[in-house]
């Protein structure tokens with residue numbers, strides 16, 4: 001496994017962008033058709049936040065103030081994503097028939113002048129921003145220290161995307177997915193955790209989700225209430 005630094009991540013993002021250029025407006029059946037995931041991520045996040053909020057309200061004794069902070073962070077991330085002319089981004093994606101790789105882990109794309117995708121099962125019609133978010137979020141959750149803000153800017157430049165896309169990507173890259181996922185698993189008893197194990201796993205989720213990138217520059221999100 002190569003050492004992942006800003007240049008390595010930038011090169012992989014550029015490879016993803018090449019795939020998008022090749023796949024754009026491809027309308028013939030692939031693997032019995034392509035799924036349409038446009039708008040699904042934000043709606044799923046809203047549902048997760050609502051469920052987690054209700055659960056935490058009823059079980060305040062289980063968690064400390066950090067849980068409230070991370071829940072508020074999740075709400076802020078979704079608000080910023082929607083304030084980033086989200087509907088216009090969706091319209092652009094629909095007009096251009098943008099296709100995402102989905103499972104774009106490093107082993108899933110390779111080549112310099114050619115693009116070889118080993119697995120197309122996760123391909124879908126979606127915002128091309130989502131592929132960049134998926135890749136960078138995997139690195140961020142592993143605790144890999146990179147200049148994520150600059151990587152997002154590079155990615156958007158390669159994709160021909162504007163400031164709204166940068167804001168949107170920063171917002172979703174800051175969304176505390178691990179925290180919300182942990183709450184949901186415990187709420188539905190998908191994991192047979194004791195209360196102590198649950199609290200320990202919640203604390204681990206704080207570390208995996210890391211810092212919120214939307215607080216890096218207040219001017220960057222000026223106008224968002």
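Just wondering, is there one or more residues in the stretch 33-42 that are at pLDDT 90 or above and either exposed (fewer than 13 other Cβ atoms within 10 Å of the Cβ) or over 17 Å from the mean Cα position of the chain (by Cα) (or both)?
yes
Please determine whether any residue of the stretch 211-219 is under 19 Å from residue 85 (Cβ atoms), in contact with a helix residue (DSSP H, G or I) (Cβ under 9 Å, 6 or more places away or on another chain), crowded, with 16+ Cβ neighbours inside 10 Å and at pLDDT below 90.
Yes, the stretch 211-219 has at least one match.
Going by the conditions given, is residue 137 in contact with a strand residue (DSSP E or B) (Cβ under 8 Å, 6 or more places away or on another chain) and in contact (Cβ under 8 Å) with a residue 12 or more places away in the chain? Working first, answer last.
On the way: in contact with a strand residue (DSSP E or B) (Cβ under 8 Å, 6 or more places away or on another chain): no; in contact (Cβ under 8 Å) with a residue 12 or more places away in the chain: yes.
So residue 137 fails the test.
Take residue 205 and decide whether it is under 27 Å from residue 145 (Cβ atoms) and at pLDDT 85 or above. Can you show your working first?
Values: under 27 Å from residue 145 (Cβ atoms): yes; at pLDDT 85 or above: yes.
It is true that residue 205 is under 27 Å from residue 145 (Cβ atoms) and at pLDDT 85 or above.
The values are calculated or read from the model by the stated rules, or taken from the named source; none is laboratory data. Since we're looking at a predicted model, the values are computed, not measured. Every residue, glycine among them, receives a Cβ derived from its backbone with ideal geometry; neighbour counts consider all protein chains shown.
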